[in-house]
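S.K.: I'd like to ask some things about the structure below.
The values are calculated or read from the model by the stated rules, or taken from the named source; none is laboratory data. Just so you know, these numbers come straight off a predicted model, no measurement behind them. Ideal geometry is used to build each Cβ from the backbone, glycine not excepted, and the neighbour counts take in all protein chains shown.
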Amino acid sequence: MSAATKTAEAKKQQYSFNKLQKRIRRTVGQAIQDFNMIEDGDRIMVCLSGGKDSYTLLDVLRFLQRIAPVKFDIIAVNLDQKQPGFPEHILPEYLTREGVDFRIIEEDTYSIVREKIPAGKTTCSLCSRLRRGILYRVASELGATKIALGHHRDDMVETLMLNMFYGGKMKSMPPKLVSDNGKHVIIRPLAYTREKDIVKYSDHMDFPIIPCNLCGSQENLQRKVIKDMLKQWDRQFPGRIESMFSALQNIVPSHLADASLFDFKSIAADGMENANGDTAFDHSTPTDFLNYRDEEDDDDAAGSEQADSSGVIRVLNLN
């Protein structure tokens with residue numbers, strides 16, 4: 001490869017990364033604005049696991065901290081759960097090098113989980129509960145006004161599908177909520193950010209990723225099934241996940257079946273026209289995403305099967 005070709009390729013890659021970086025920063029900024037996630041004087045505790053999501057979250061929040069019209073502090077917190085093989089040096093070295101205020105909390109939840117959960121069973125549920133309790137306590141000790149988690153848009157769609165398929169609920173991860181103990185506000189600034197963008201960003205930034213399988217626990221098979229299904233849909237039908245996430249923001253209680261959310265008992269014909277009265281399927285939303293393309297993903301989408309011109313998207317390979 002000639003020097004000129006190498007230079008042109010480097011410029012192309014840098015241009016692509018700049019677009020990616022702007023897109024991620026824009027989606028995070030929009031989520032923060034839409035849900036009033038960060039206010040003047042906030043002290044944000046960023047939960048840093050060592051994975052791509054939390055690294056990206058911390059990086060973008062630090063950028064926004066420099067340019068935002070409101071002033072807020074950031075403190076990164078990692079919970080060392082004493083999993084065998086956990087590389088204790090990685091996060092302190094990275095955070096010190098980056099000049100980030102941080103705390104490493106050491107709690108041997110690994111031994112507790114191993115004692116309580118039978119061999120071969122997934123430990124994720126108990127581990128998560130223990131971790132939340134510790135992080136809530138630490139947030140109080142640090143005087144944090146908000147706890148920032150690295151869940152992204154795809155996590156929210158996956159959780160919606162998990163609750164529908166396995167829990168019998170229309171429920172997902174909200175971008176902002178009050179913690180279980182009622183003492184803290186939890187925020188998810190990556191709520192509008194796509195996982196595929198985070199993957200590319202993390203790879204380019206060369207974050208020192210810590211694997212999440214150190215505990216040896218079985219993978220959450222239900223979530224893996226949903227994740228694999230959504231990835232397949234995204235390849236076959238570009239725009240479907242965007243449409244699903246849009247649905248989370250466009251709830252119509254009158255066209256569901258929860259009597260606690262809508263007063264179905266009092267419904268009576270009043271002689272007035274109702275354009276949405278018996279329209280169960282809105283073609284407008286799927287059509288908006290029918291020809292969805294992201295310029296960064298044209299190669300990935302090449303050759304994928306598309307929905308037909310009627311706006312009906314066929315569901316394949318659900319098994």
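S.K.: Which of the residues belonging to segment 67-90 are surrounded by fewer than 12 Cβ atoms within 10 Å (Cβ to Cβ) and within 26 Å of K22 (Cβ to Cβ)?
M.R.: I67, P69, K71
S.K.: Among the listed residues I90, I117, I67, which satisfies the condition of being among the β-branched types (V, I, T) and within 30 Å of M229 (Cα to Cα)?
M.R.: I117
Quick grid of which residues meet (1) surrounded by 14 or more Cβ atoms within 10 Å (Cβ to Cβ); (2) modelled with pLDDT of 95 or more; (3) farther than 24 Å from K19 by Cβ:
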| position | (1), (2), (3) |
| --- | --- |
| S172 | yes, yes, yes |
| L177 | no, yes, yes |
| V185 | yes, yes, yes |
| K200 | yes, yes, no |
| P211 | no, no, yes |
| L214 | yes, no, yes |
| L221 | no, no, yes |
| I226 | yes, no, yes |
| P253 | no, no, yes |
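S.K.: Look through R223, R131, R137 and report the one residue that is free of Cβ contacts under 8 Å to residues at least 40 places away in the same chain and farther than 20 Å from Q33 by Cα.
M.R.: Among R223, R131, R137, only R137 is free of Cβ contacts under 8 Å to residues at least 40 places away in the same chain and farther than 20 Å from Q33 by Cα.
S.K.: Ok, one more. May I ask you to list the residues in segment 243-283 that are within 26 Å of E158 (Cα to Cα) and of a type in the set (A, V, I, L, M)?
M.R.: Matches in segment 243-283: M244, A247, L248, I251, V252, L256, A257, A259, L261, A280.
S.K.: From the list K171, K196, K183, which residue is outside any helix (DSSP H, G or I), under 30 Å from K231 (Cβ atoms) and out of contact with any strand residue (DSSP E or B) (no Cβ under 7 Å at 6 or more places or on another chain)?
M.R.: K171
S.K.: Can you tell me which of (1) surrounded by 10 or more Cβ atoms within 10 Å (Cβ to Cβ); (2) among the charged types (D, E, K, R); (3) assigned to a loop (DSSP other than H, G, I, E, B) is the one E273 doesn't meet?
M.R.: So the condition that E273 fails would be (1).
S.K.: For the condition among the acidic types (D, E), closer than 18 Å to S54 by Cα and surrounded by fewer than 18 Cβ atoms within 10 Å (Cβ to Cβ), what is the one hit in E115, E93? Full working, then the answer.
M.R.: Working: E115 fails: closer than 18 Å to S54 by Cα.
Exactly one residue qualifies, and that residue is E93.
S.K.: Additional query: Just one of (1) touching an Asp or Glu at 6+ places or on another chain (Cβ under 9 Å); (2) touching a residue at least 60 places away in the same chain (Cβ under 8 Å); (3) not basic (K, R) trips up Y110, so point out which.
M.R.: Tallying (1) touching an Asp or Glu at 6+ places or on another chain (Cβ under 9 Å); (2) touching a residue at least 60 places away in the same chain (Cβ under 8 Å); (3) not basic (K, R), Y110 fails exactly one: (1).
S.K.: Sort through S111, S140, S128 and tell me the only one that's at pLDDT below 95 and within 22 Å of L58 (Cβ to Cβ).
M.R.: S128
S.K.: If only one of P211, P189 is free of Cβ contacts under 8 Å to residues at least 24 places away in the same chain and not acidic (D, E), which one is it?
M.R.: Within the list P211, P189, the selection yields P211.
S.K.: Would you mind stating whether R137 is among the basic types (K, R) and under 15 Å from I75 (Cβ atoms)? It would help to see each step written out before you state the result.
M.R.: Details: among the basic types (K, R): yes; under 15 Å from I75 (Cβ atoms): yes.
For R137, the condition - among the basic types (K, R) and under 15 Å from I75 (Cβ atoms) - is met.
S.K.: Another question, if that's okay. For F63, are the conditions met, namely being hydrophobic (A, V, I, L, M, F, W, C), surrounded by 12 or more Cβ atoms within 10 Å (Cβ to Cβ) and over 25 Å from R131 (Cα atoms)?
M.R.: So F63 passes the test.
S.K.: Still on this structure, I have one more. Step by step: first the residues of segment 47-82, then only those that are assigned to a strand (DSSP E or B) and among the aliphatic types (A, V, I, L, M), then the one that is modelled with the lowest pLDDT. Which residue is that?
M.R.: Of the residues in segment 47-82, the ones assigned to a strand (DSSP E or B) are 47, 73-80.
Applying the additional criterion that residues be among the aliphatic types (A, V, I, L, M) yields 74-77, 79.
On the way: I74: 98, I75: 98, A76: 98, V77: 98, L79: 93.
Only one residue tops the list, namely L79.
S.K.: Could you pull out the residue among R43, R103, R114, R62 that is under 26 Å from E195 (Cβ atoms) and either of a type in the set (S, T, Y) or out of contact with any Pro (no Cβ under 7 Å at 6 or more places or on another chain) (or both)? Walk me through it before giving the result.
M.R.: Numbers: R43 fails: under 26 Å from E195 (Cβ atoms); R103 fails: under 26 Å from E195 (Cβ atoms); R114 fails: under 26 Å from E195 (Cβ atoms).
Every option except R62 fails the conditions.
S.K.: Take the residues in segment 8-28 that are of a type in the set (S, T, Y) and surrounded by 11 or more Cβ atoms within 10 Å (Cβ to Cβ), then tell me which one is nearest to the chain's Cα centre (by Cα).
M.R.: Going through the qualifying residues, I end up with T27.
S.K.: Tell me which residues, restricted to segment 159-175, are more than 17 Å from N250 (Cα to Cα) and touching a residue at least 24 places away in the same chain (Cβ under 8 Å).
M.R.: L162, F165, Y166
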